[in-house]
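Peer 1: Handing you this structure, nothing more for now.
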Amino acid sequence: MRIGLLISATAALCLVTIASAQAPSPGAAGAAAAPTTFVVRFKIKPGRNTDFEKAMAKMQAALASSEPGNIFYDLYLPAPGSQTYVLIEHYRDAAAVTAHGKDPNTKQMVADIGDLLDGPMAQAISAERLVLVSSKP
């Protein structure tokens, strides 16, 4: 029981750290106001896809009211039968990224998926932060 709680707490800390640590630095010219996108990959244990998809759908449903700065939070499966999911998250600005890291729903999602990950969090989840440079008019 204690080990499970420790793992869930560690998982929550890792995901929140990803979101917070990748927010633009205060000195980055215009970065704080720029829209930010994350590409996050989750490696899931075989046979746990349905459970993972349910946990992510629960998180997506909560975002509409809890995170107004979140523009989209879309989950993709690169190929049928894949155990790796890709989450594309898009936020209005750095403040929205910070709000996401503090949202209780984010922490709950981490607790919900902890046992579904195929390996330690540092190996089962990877994230890349992208700051918008330009877009179509």
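Peer 1: Mind ordering 89-95, 119-125 by average Cβ neighbours within 10 Å, highest first? Please report the intermediate quantities before stating the final value.
Peer 2: Details: 89-95: 19.0, 119-125: 14.4.
Those peptides, ordered most packed to least, come out 89-95, 119-125.
Peer 1: Would you calculate the separation in nanometres between label points at Lys54 and Ser134, each defined as 7 Å from the Cα along the Cα-to-beta-carbon direction?
Peer 2: 4.7
Peer 1: Follow-up. Taking 19 Å as the cut-off for C-alpha to C-alpha distance, list the pairs among Lys45/Lys102; Lys58/Lys102; Lys58/Lys107 that go past it.
Peer 2: Working: Lys45/Lys102 27 Å; Lys58/Lys102 17 Å; Lys58/Lys107 12 Å.
The pairs that break the limit, which is 19 Å between Cα atoms, are Lys45/Lys102.
Peer 1: What ³J(HN,Hα) values, in whole Hz, does the Karplus curve 6.51 cos²θ - 1.76 cosθ + 1.60 give for region 42-58 when θ = phi - 60°, with x put for Gly and Pro?
Peer 2: 10, 9, 10, 4, x, x, 10, 4, 4, 5, 5, 4, 5, 5, 6, 5, 4
Computed from the coordinates by the stated procedures, all read-outs in this text should not be read as laboratory data. It should be emphasised that the depicted structure is a prediction, and the values quoted were computed from it without experimental measurement. As a convention, Cβ positions derive from the backbone with ideal geometry for all residues, glycine included, and neighbour counts pool all protein chains shown.
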